[in-house]
Amino acid sequence: MSVTEQPAPAADGEPSAGGDPSDDAAQAHLRDRISADSLTTRRDYLRIVATVSGGLAIGGIGVAAGILHRHGDSDTAPESKKVTDRLAPGESVAFRFPGDEDRALAVRLQDGTLVGYSAVCTHLACAVLWREDRGPAGELYCPCHEGVFDARTGEVTAGPPPRPLPRIFLTEEVDGSVWAIATARSGEPAREALCRQFGESRPEVAARLGCPGADRANESRRT
Ligand code: FES
């Protein structure tokens, strides 16, 4: 089950993953999509909070980074999605989240850290690949113009990409299965992303995260 998803064929209004630079409008549209976000889940919020807390603390385990798309701006939480039954150190798996056309990548680093990102390059939307054998922790690589992203943070380390890869928040169940539960915009702090998205749809979760105004919202929902 190791990594990479090859570039998807061009769909209506979307450039091929090979990145046809002549289609500026389509590329701009797709870049726009990956800079938005959405999120959420119907699964146990305690699990979500635990995952989020872990992610905020160590920026890795149980959390990953991600994508998002335009309907993310509506703050409507997507359904959580099972990514894989198991992910061993050094392995990655491609999946789609939160929408069926949103390419994403989950990676288990050699130290056990689980990370997730949009697999859509922030330069011209080519597919980003996992390269385990590069550097001390591997790297996320875009073959179109030699773009490189830090595997632990999604930050750009080389090449022309202008922004980090959007993060996707992941969690791991006791049976080893990995789930995608949320996303963030490129460069958006985790707490900010989660508070913005959970604030109205899951006030009880937002309250556990200490989001501004969450206690009042949660209380009013109870009464
Ligand atoms: Fe140019 Fe990824 S599309 S580096």
Filter the range 197-215 for residues that are assigned to a loop (DSSP other than H, G, I, E, B) and of a type in the set (A, V, I, L, M, F, W, C) and give the result. L209, C211
Filter the range 146-196 for residues that are out of contact with any helix residue (DSSP H, G or I) (no Cβ under 8 Å at 6 or more places or on another chain) and in a helix (DSSP H, G or I) and give the result. E192, A193, R196
Pull out all pairs, ordered by first then second residue, where Cβ-Cβ is under 9 Å, the residues are six or more apart or on different chains, the first lies in the range 159-176 and is over 30 Å from E146 (Cα atoms) and charged (D, E, K, R), and the second is part of a loop (DSSP other than H, G, I, E, B) and open to solvent by 10 Å² or more (accessible area, probe 1.4 Å). E172/I61; E172/G62; D175/D85; D175/R86
Could you go through the range 75-95 and let me know if any residue there is farther than 27 Å from V174 by Cβ and open to solvent by less than 30 Å² (accessible area, probe 1.4 Å). no
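Going by the structure shown, is E155 open to solvent by 10 Å² or more (accessible area, probe 1.4 Å) and over 14 Å from the mean Cα position of the chain (by Cα)?
no
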Quick one: how many residues across the range 108-119 are touching a residue at least 60 places away in the same chain (Cβ under 8 Å) and over 8 Å from the mean Cα position of the chain (by Cα)? 2
Answer yes or no: is there a residue in the range 183-201 that is more than 15 Å from the ligand (Cβ to nearest atom), among the aliphatic types (A, V, I, L, M) and over 18 Å from F97 (Cβ atoms). no
Considering only residues that are hydrophobic (A, V, I, L, M, F, W, C) and assigned to a strand (DSSP E or B), which ones fall in the range 92-114? V93, A94, F95, A104, L105, A106, V107, L114
If R131 meets every condition in (1) of a type in the set (D, E, K, R); (2) within 16 Å of the ligand (Cβ to nearest atom); (3) out of contact with any strand residue (DSSP E or B) (no Cβ under 7 Å at 6 or more places or on another chain) apart from one, which number is that one? (3)
Filtered residues of the range 158-182 (kept if within 14 Å of G116 (Cβ to Cβ) and within 16 Å of the ligand (Cβ to nearest atom)): P164, L165, P166
For the structure I just gave you, tell me whether G135 is of a type outside the set (D, E), open to solvent by 10 Å² or more (accessible area, probe 1.4 Å) and either in contact with an Asp or Glu (Cβ under 7 Å, 6 or more places away or on another chain) or at pLDDT below 95 (or both). yes
Output yes when any residue across the range 182-194 is under 12 Å from the mean Cα position of the chain (by Cα), open to solvent by 10 Å² or more (accessible area, probe 1.4 Å) and among the β-branched types (V, I, T), and no when none is. no
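The values are calculated or read from the model by the stated rules, or taken from the named source; none is laboratory data. The structure displayed is predicted, hence computed values, not measured ones. Here Cβ is always computed from backbone atoms with ideal geometry, including for glycine, and neighbour counts include all displayed protein chains. The protein model used for the area step is the full one, side chains on, heavy atoms only, and it has no ligands, DNA or RNA in it. Shrake-Rupley method; radii C 1.70, N 1.55, O 1.52, S 1.80 Å.
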